[in-house]
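So the structure is just underneath, and the comments pick up after that.
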Amino acid sequence: PSGDGGKLKIAIQKSGRLHDDSIKLLKECGIDISNGVNKLKSEASNFPLEVYFLRDDDIPQYVEDAVADLGFVGENVVYEKEKQVEVVEKLGFGKCRLSIAVRRGEEYDKISSLQGKKIATSYPVLVKKFLDENNITAEIHEISGSVEIAPGIGLADAICDLVSSGSTLFMNGLKETETILNSQAVLIKNKNLDGEKQNLLNKLLFRIQSVKKAKN
Ligand code: PRT
Ligand code: ZN
């Protein structure tokens, strides 16, 4: 017994780069959640769906814990957090890449140029994996924001951060040297959905796939 009337609970970003496209995708799926996006929670009027508005970083944990059944979140967050959730579908928005960058004037010919260097990032797990896979030993300096200023203030030799247009790197005198992950928003689900919720998910997924097809 789920105790929530069998409604699917989906977590989306409260505000930020994924918020608008997440709401838009639900709308395009014919799901109306017009009542109050400023709250923590909203209910669809025409689909058994409850929408929770959360920080993107928290979404994988909430889905693992079954506080939410589903989530829309960037692959970068899913793979950095290493939570026990299942990626169900790529959503086609929020596209970016997680890349290494160094000062523009710096010499860099291959990955081994990073050996012994200090790398600032908000993605320590993914950077560590990338370095290990390439047999590089480097120091990872975790910072939570404004990563791109780290080389300029002498805090690090290199950074690893999300890039979309590249203008942030450019403005900070950096050049992109390696892409370690291509990312976009994905639909994740809790691994233990009951049959009823899985059926609802299948309906939602069918609509999402139709929306995606119509755009191709
Ligand atoms: O408050 P909350 O924690 O929910 O939001 P947030 O501030 O952590 O995340 P937000 O809204 O910035 O990003 C949410 C998600 O959008 C990310 O996790 C990615 O999956 C996706 N995304 C897509 C991006 C970008 N593109 C992006 N360009 N996230 C961040 N950026 C930043 C990047 O960190 C850098 O500072 O934009 C800058 C680079 O952009 P360009 O265009 O100058 O290259
Ligand atoms: Zn965040």
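The values are calculated or read from the model by the stated rules, or taken from the named source; none is laboratory data. Since the structure is predicted, the reported quantities are computational estimates derived from the model, not experimental observations. Positions of Cβ are generated from backbone atoms using ideal geometry, with glycine treated the same way; all protein chains shown enter the neighbour counts. Please note that ligands, DNA and RNA were not included when accessible areas were found on the heavy atoms of the full protein model with its side chains. Shrake-Rupley method; radii C 1.70, N 1.55, O 1.52, S 1.80 Å.
Of note:
- Helix 19-28 axis, angle to the chain major axis (alpha carbon atoms, nearest 10°): 40
- GluC sites (Glu not before Pro), loop per DSSP, at most 12 other Cβ atoms within 10 Å - longest free stretch of the chain: 108-216
- Spread over its residues, the convex hull of the C-alpha atoms of the chain is 133 Å³ per residue.
- For the stretch 127-174, pairs of C-alpha atoms spaced more than 18 angstrom apart make up 35 percent of the total.
- Peptides ranked, highest mean first, by Cβ atoms within 10 Å: ranges 13-19, 189-195: 13-19, 189-195
- Cleavage-rule hits, trypsin sites (Lys or Arg not before Pro), the stretch 72-123, DSSP coil, Cβ neighbours within 10 Å at most 13: Arg104, Lys110
- Percent carbon-and-sulfur accessible area, the chain, ignoring ligands, DNA and RNA, probe 1.4 Å: 47
- For the chain, the longest principal axis of the alpha carbon atoms and the long axis of helix 124-133 meet at an angle near 60°.
- Sorted largest first, extent of the stretch 39-158 alpha carbons per principal axis (Å): 57, 28, 24
- In the chain, helical runs assigned H by DSSP with n ≥ 4 each contribute -39500 (n - 2.57); averaged across all residues and rounded to the nearest 500, the mean residue ellipticity at 222 nm is -8000 deg cm²/dmol.
- Å² per residue, accessible surface of the chain at 1.4 Å: 51
- Extension gain, Val88 to Val67, is 5.8 nm, computed as 0.36 nm per intervening residue step minus the present C-alpha separation.
- The stretch 96-182: C-alpha gyration tensor shape, a/c 1.5 cut-off, then a/b vs b/c: rounded
- Selection among Ile119, Leu193, Gly92 by position relative to the dipole of the chain gives Gly92 as farthest towards the positive end (Cβ unit charges, Cα centre).
- Shape category assigned to the stretch 103-149 from the gyration tensor of Cα positions, a/c cut at 1.5: oblate
- Cα-based shape type of the stretch 13-85, given that a ≥ b ≥ c are square roots of the gyration tensor eigenvalues and the cut on a/c is 1.5: prolate
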